[in-house]
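Notes follow once the structure below has been shown.
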Amino acid sequence: MQKIQMVDLQSQYQAIKQDIDKGIEEVMSTASFIKGKKVSDFQEHLEAYLGVKHVIPVGNGTDALMIALMGLGLQPGDEVITPTFTFIATAEVAAVLHLTPVLVDVDKDTFNMTAEAVGKAITPRTKAIVPVHLFGQCAEMEGIMQIAKEKGIYVVEDACQAINATYTFSDGKAEKAGCIGHIGCTSFFPSKNLGCYGDGGAIFTNDDELASKMRALANHGMVVRYHHDMIGVNSRLDSIQAAVLDAKLPHLDEYTHRRQKAAAYYDKGFADNEHIKIPARSKQSEHVFHQYTLQIIDKDRDKLREQLQEKGIPAMIYYPIPIHLQKAFANLQYKEGDFPNAEQLARTVLSLPMHTELTKEQQDYIIDTINALTKE
Ligand SMILES: *Cc1c(COP(=O)(O)O)cnc(C)c1O
């Protein structure tokens with residue numbers, strides 16, 4: 001059996017090596033490394049794939065979130081509602097822009113911020129809501145969009161882990177993650193569901209005005225060359241990364257399907273284990289399984305993780321410390337006990353190997369080992 005990895009980018013590359021190498025060679029032969037044709041090609045292909053009017057390629061997912069908040073023209077002290085159980089970037093960018101992150105707890109089954117929690121956190125200073133579609137499943141976008149509309153607040157989706165997840169509204173209308181709010185952000189970090197071979201990210205929007213503003217913000221606030229209309233940043237997806245992504249995009253449906261198949265296989269394997277809670281599925285969102293995350297019930301999660309390590313099974317804790325207990329956010333003056341669901345999840349979650357190249361043999365070994373260790 002091949003060594004088990006959290007993510008197997010090497011085997012995935014080998015399977016489509018010809019297409020990737022051809023794309024990279026094209027960039028090398030034209031030497032058009034920045035803003036080349038590959039970038040605009042990929043942008044157009046992704047717009048068509050997601051059914052969104054504008055894709056703005058940027059340097060990484062964190063920049064995407066930051067440029068999105070800059071594009072909304074928020075002022076220091078404006079409040080941005082975001083979940084406490086997420087990767088640091090979501091709250092970090094708000095703080096970098098001197099905005100005030102207002103954290104909310106998450107649902108203990110879906111790991112996502114609920115519309116109800118958002119509703120309770122709204123104040124007259126709330127200017128934006130940043131839901132995170134954690135582990136590949138959308139937050140309650142229908143309720144969140146409704147609140148945003150009533151209150152005249154922007155919604156910026158952190159879809160860094162959820163590209164290609166379809167969300168279905170109660171009227172039957174379906175949209176892709178990141179294309180529901182006013183702005184959506186994604187990351188092409190190598191291990192993400194659509195990953196490049198370095199850093200990369202993109203912003204999505206259907207709003208023409210926001211699109212041109214964010215495009216300028218990502219390029220030094222420049223619309224006409226060397227005429228800088230606003231203070232911006234330098235954040236670009238380079239042509240080599242775009243070539244990798246353009247070669248991988250036609251495989252994204254298949255990759256998504258393989259993750260879902262692997263998840264279903266894990267589900268079945270743990271169905272009779274009372275110490276394992278498998279990831280809950282939301283009614284309205286498809287799950288694209290950026291992570292397959294268990295909750296370990298009445299067993300020592302950290303000990304289990306060590307035992308798995310010894311048996312050649314990597315497992316990760318996303319995330320061990322919620323945002324409200326991070327040192328960097330001490331100034332927000334949250335304390336232990338403020339968000340009990342997130343705190344409990346931080347103690348109990350365990351993410352298993354999840355990628356497009358997992359074999360049945362590997363999964364059987366992972367399932368059997370976990371079941372044996374938790375039933376001891
Ligand atoms: C990966 C990720 C980001 C940041 O993306 P980078 O490309 O690493 O900057 C932000 N939010 C979430 C939820 C992520 O998973």
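The values are calculated or read from the model by the stated rules, or taken from the named source; none is laboratory data. Remember, predicted model here, so these are calculated numbers, not experimental data. Methodologically, a virtual Cβ is constructed for each residue, glycine included, from the backbone with ideal geometry; neighbour enumeration extends over all protein chains shown. In case anyone asks, the SASA skips ligands and DNA or RNA and just uses the protein heavy atoms, side chains included. Shrake-Rupley method; radii C 1.70, N 1.55, O 1.52, S 1.80 Å.
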Share, in percent, of DSSP beta bridges within the chain that are antiparallel, nearest 5
65
Please report the orientation-averaged projected area of the range 117-269, defined via the convex hull of its C-alpha atoms, in nm².
11.9
If you put +1 on each Lys and Arg Cβ and -1 on each Asp and Glu Cβ, how big is the dipole of the chain around its Cα centre, in Debye rounded to 20?
280
Please enumerate, by chain and number, the lysines with C-alpha under 21 Å from the C-alpha of K261, excluding those fewer than 8 residues away in the same chain.
K3, K176, K192, K248, K277, K283, K360
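I'd like to check one number: the per residue accessible area of the chain, probe 1.4 Å, reported in Å² as a whole number. Numbers along the way, then the final one.
Details: 16670 Å² over 376 residues.
The answer is 44 Å² per residue.
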Low-density loop positions, trypsin sites (Lys or Arg not before Pro), the range 272-347 - DSSP coil, at most 10 other Cβ in 10 Å
K283, K335
In whole Hz, what ³J(HN,Hα) sequence does the range 278-290 give by Karplus (6.51, -1.76, 1.60; θ = phi - 60°), x for Gly and Pro?
6, x, 6, 9, 7, 6, 9, 10, 5, 10, 9, 6, 4
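Counting alpha carbon pairs within less than 8 Å and at least 6 residues apart, what relative contact order, in whole percent, applies to the chain?
So the answer I get is 22 percent.
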Quick one: how many Å² of L97 are accessible to a 1.4 Å probe, rounded to 10?
40
Just from its helices, what would the mean residue ellipticity at 222 nm be for the chain, if runs of 4 or more DSSP H residues each count -39500 (n - 2.57) and the sum is divided by every residue, rounded to the nearest 500 deg cm²/dmol?
-12000 deg cm²/dmol
Using the Kirkwood radius over Cα pairs of the chain, the Stokes-Einstein translational diffusion coefficient at 37 °C and 0.692 mPa s, in µm²/s and rounded to a whole number, is 154
Would you work out the charge dipole size for the range 258-376 about its Cα centre, treating the Cβ of every Lys and Arg as +1 and the Cβ of every Asp and Glu as -1, and quote it to the nearest 20 debye?
340
What part of the accessible area of the chain, given as a whole %, is carbon or sulfur when the probe is 1.4 angstrom?
51
Straight-line reach from K327: which aspartates and glutamates fall under 16 Å, measuring Cα to Cα and dropping same-chain residues less than 8 apart?
E92, E336, D338, E343
